[in-house]
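Novice: The following block contains the structure, expressed as structure tokens.
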Amino acid sequence: MANKQEPQIPISSYLKNNEQVMDKRAGVGTSFDLGYRKFPVLKTNVSMYYVTGLCETPVIVELMKELLELNHLDKDEDIFEQIHDHLVHQQVEIVETIDDALVEMLSGLVVFFIDGERKALVVDVRTYPGRPPQEPDTEKVVRGSRDGYTENIIENTALTRRRVRDGRLRNEIMRVGERSKTDICLSYIDGVADPGLVKLLKKELENIKIDGLSMADKTVEEFLVHQGRTPFPLVRYTERPDVASAHLLEGHVLVMVDTSPSMIIMPTTYFHHIQHAEEFRQSPITGSFIRWMRFLGILASVFLLPLWLVLVLDPSLLPEQLAFIGPSEESSLPVFVQILIADIGIEFLRIAAIHTPTPLSTAMGLIAAVLIGQIAIDVGLFIPEVILYVAIAAIGTFATPSYELSVANKLCRLLLVLATAMFQVKGLVIGGMLYILLLVATKTLNTPYLWPFIPFNAKALFQVLIRMSIPFTKYRPSVVHPQNNKRQP
Amino acid sequence: MSKRKHDQRKQEPQKSVVSKAVTTGFVSGVLWSGIGAFTYFFHFSEVSPASFFIRSFWQNEWTSTWIAEVLGVLAVALISMVTALVYYLALKKLHGMWPGIVYGILIWLLIFLAFNPIFNAVPAWGELSSDTMVTTFCLHVLYGVFIGYSISYEYHDFNQSAK
């Protein structure tokens, strides 16, 4: 992570020089959140640097007390050794360049420079402002653990470690970003995860050249999987430690980015996005039922509207049994325009709901449901059936567990509606084929996106369709290329 | 560790790749001809699997019911086991989905042009409606991709991991 333009500055044995460099590089006198304190220990000057908001004050006070106690003793041993021994903390490290010292200080560690020494001591006293683990809003379950990942990467590794107490669980940390120096942790189980994938990810992570990762996980994701033009989410996110550790045990690799509670699970396929922890909290049969209903919802969210539209545009297509489908009265606007308006209206609502404060969202829901829906029909803008089908498709969108996938599917649905409006049956059929072919052609980290459907894998697809009871899932999914196939040793 | 891994791989013999290919063909037949029957139900297409394999040979009362459709789907599934085997023997070494697409188009041409005289219940090439052409064409492309991509992926995956 060394800065290539500027050479690393070694620590000088004159305390004054070090202080000047610190002032110049970090602006210790200028930035008010950087703290500095100088005090003598055994007649040698020691200067201490820290970031006021990121350190735990009682610990620093304790350290200083212990160091100042040294003044009452009269020893002639090596001063550096003495100070090192008296820093009562389990994490004390020695650094030899100012650059390293700076990075550590800005991460929230406290740095001690000692006059006459070419080394500095850093002590990990950081405590980051953060929230306790809470149940993530996006992945709720009725029963089961309610802790969720937080913005703190150390806590996150701890939450994972709580569930996988395996010595072979590896958490490799690295710093990415010239300016932000964000911590990124690669978690995998050694001997299970595909070593080729781990190597590839490490290389990709090290090759990230960027000033900062403010959007944390999302920025990293865009560097790792080359998104191209597919709207589909190429990695799965989770905020649940149980989901994350289940994937670790299956042989997936996890990427944690500091400041984000969302873990990146790789490799991911389309079918990872339509599973949910809730299915695994129910009995296998109920779980399968939930899953089938969910598939139906997702299928409806993509294909229901265009299918209905094509039947409205050409009523001769309707089989006798379904002859009642389709508007009975003439409407002023073409049906596909009505669909587009209604769908875009729901999209307005969804976008607005994300950032509307809760007290206002009740009012918003009322306006949307009662006023717009009913009055649009009364005025003659919409026929009632449009509202019905758009609503079913919208609910199908909400039934998609992966938020990213639901939005991508919505986009495809709009395109399919447009294609159907233009070319009727041909538009729908060709559009549907292209939708599937686009998914088939997508690959993430050498993993086919639509696996196990295309390419077909009978066993794996069976496990996607039927939520198997855990004692019967004896093998890890082959798509992650696990080093060890068997789940039950 | 690596020794044990090797032993596990050996448990999966080459013949399982063949049987996987045949299974793929069967499922592909059921799935895509099932969707074909669905498109026939909604009159996207004038022909359904049953038009080929049931109504071309028998014309009874029951041949226009759903039983005929199910039997038609089953017939396609059985024949698909052969097409999958052909793909496995001839083209398994090719990569990706494009060979599958071409394979699907070839089958489509074969059925609608070359074999058309056999199937009495299927209109001749020039008399098919454009919707029928497009629908059956798309279904065959997906059918071909399903068989082709699955078989070549399984083949390459097996050979890679066996090393």
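The values are calculated or read from the model by the stated rules, or taken from the named source; none is laboratory data. A quick note: this is a predicted structure, and the numbers were derived from the prediction, not measured. Cβ: placed from backbone, ideal geometry, glycine included. Neighbour counts: every protein chain shown.
Novice: Looking at the stretch A:148-195, which of its residues are of a type in the set (A, V, I, L, M) and closer than 16 Å to A:ALA216 by Cβ?
Specialist: Within the stretch A:148-195, A:ILE153, A:ILE154, A:ILE173, A:MET174, A:VAL176, A:ILE184, A:LEU186 meet the criteria.
Novice: Check B:GLY144 against each of (1) crowded, with 24+ Cβ neighbours inside 10 Å; (2) of a type outside the set (Val, Ile, Thr); (3) at the interface with chain A (Cβ under 7 Å from one of its Cβ atoms) and name the one condition it does not meet.
Specialist: Every listed condition holds for B:GLY144 apart from (3).
Novice: Here is a check on your reading of the model: is A:GLU330 crowded, with 16+ Cβ neighbours inside 10 Å and of a type in the set (Asp, Glu)?
Specialist: In short, no.
Novice: Next up: Looking at this structure, is B:SER28 within 14 Å of chain A (Cβ to nearest Cβ), modelled with pLDDT under 90 and out of contact with any His (no Cβ under 6 Å at 6 or more places or on another chain)? Full working, then the answer.
Specialist: On the way: within 14 Å of chain A (Cβ to nearest Cβ): yes; modelled with pLDDT under 90: no; out of contact with any His (no Cβ under 6 Å at 6 or more places or on another chain): yes.
No.
Novice: Of everything in the stretch A:281-324 that's in contact (Cβ under 8 Å) with a residue 40 or more places away in the chain and more than 42 Å from the chain's Cα centre (by Cα), which residue is nearest to the other protein chains (Cβ to nearest Cβ)?
Specialist: A:LEU317
Novice: Counting only residues that are surrounded by 17 or more Cβ atoms within 10 Å (Cβ to Cβ) and among the aromatic types (Phe, Trp, Tyr), give me the strands (runs of 3 or more DSSP E) lying completely in the stretch A:77-162 with at least 2 of them. Walk me through it before giving the result.
Specialist: Numbers: elements: A:92-95, A:110-114, A:120-123.
Output list reads A:110-114.
Novice: Within 13 Å of chain A (Cβ to nearest Cβ), surrounded by 13 or more Cβ atoms within 10 Å (Cβ to Cβ) and not in a helix (DSSP H, G or I): does that describe B:GLU154?
Specialist: no
Novice: Within the stretch A:456-489, can you find the residues that are within 8 Å of chain B (Cβ to nearest Cβ) and either among the hydroxyl-bearing types (Ser, Thr, Tyr) or surrounded by 21 or more Cβ atoms within 10 Å (Cβ to Cβ) (or both)?
Specialist: A:PHE456, A:ASN457, A:SER478
Novice: If we keep just the residues of the stretch A:426-455 that are more than 25 Å from B:VAL134 (Cα to Cα) and either at pLDDT below 90 or within 11 Å of another protein chain (Cβ to nearest Cβ) (or both), which is surrounded by the fewest Cβ atoms within 10 Å (Cβ to Cβ)?
Specialist: A:ASN446
Novice: Given the residues B:PHE57, B:PHE52, B:PHE38, which is the only one that is assigned to a loop (DSSP other than H, G, I, E, B) and either out of contact with any Leu (no Cβ under 8 Å at 6 or more places or on another chain) or more than 30 Å from B:TYR153 (Cβ to Cβ) (or both)? Steps first, please.
Specialist: Details: B:PHE52 fails: assigned to a loop (DSSP other than H, G, I, E, B); B:PHE38 fails: assigned to a loop (DSSP other than H, G, I, E, B).
B:PHE57 is the lone residue from the list that is assigned to a loop (DSSP other than H, G, I, E, B) and either out of contact with any Leu (no Cβ under 8 Å at 6 or more places or on another chain) or more than 30 Å from B:TYR153 (Cβ to Cβ) (or both).
Novice: Which of the residues that make up the stretch A:457-468 are farther than 22 Å from B:GLY148 by Cα, at pLDDT 85 or above and in a loop (DSSP other than H, G, I, E, B)?
Specialist: Within the stretch A:457-468, A:ILE466, A:ARG467 meet the criteria.
Novice: Considering only residues that are within 17 Å of A:ASP137 (Cβ to Cβ), among the small types (Gly, Ala, Ser) and in a helix (DSSP H, G or I), which ones fall in the stretch A:377-416?
Specialist: Across the stretch A:377-416, the qualifying residue is only A:SER406.
Novice: Related question: Determine whether B:SER51 is of a type outside the set (Lys, Arg), in contact (Cβ under 8 Å) with a residue 60 or more places away in the chain, more than 14 Å from chain A (Cβ to nearest Cβ) and crowded, with 17+ Cβ neighbours inside 10 Å.
Specialist: When the stated conditions are applied, B:SER51 passes them.
Novice: Which residues, counting only those in the stretch A:186-223, are of a type in the set (D, E, K, R) and within 14 Å of the chain's Cα centre (by Cα)?
Specialist: Within the stretch A:186-223, A:ASP217, A:LYS218, A:GLU221, A:GLU222 meet the criteria.
Novice: Another question, then. Which ones in the stretch B:60-70 are assigned to a helix (DSSP H, G or I) and surrounded by fewer than 17 Cβ atoms within 10 Å (Cβ to Cβ)?
Specialist: B:TRP62, B:SER64, B:TRP66, B:ILE67, B:VAL70
Novice: For the stretch A:243-355, please list each of the helices (runs of 4 or more DSSP H) lying entirely inside it that holds at least 2 residues being more than 30 Å from B:ILE35 (Cβ to Cβ). Steps first, please.
Specialist: Values: elements: A:277-281, A:284-313, A:335-355.
By residue number, A:277-281, A:335-355.
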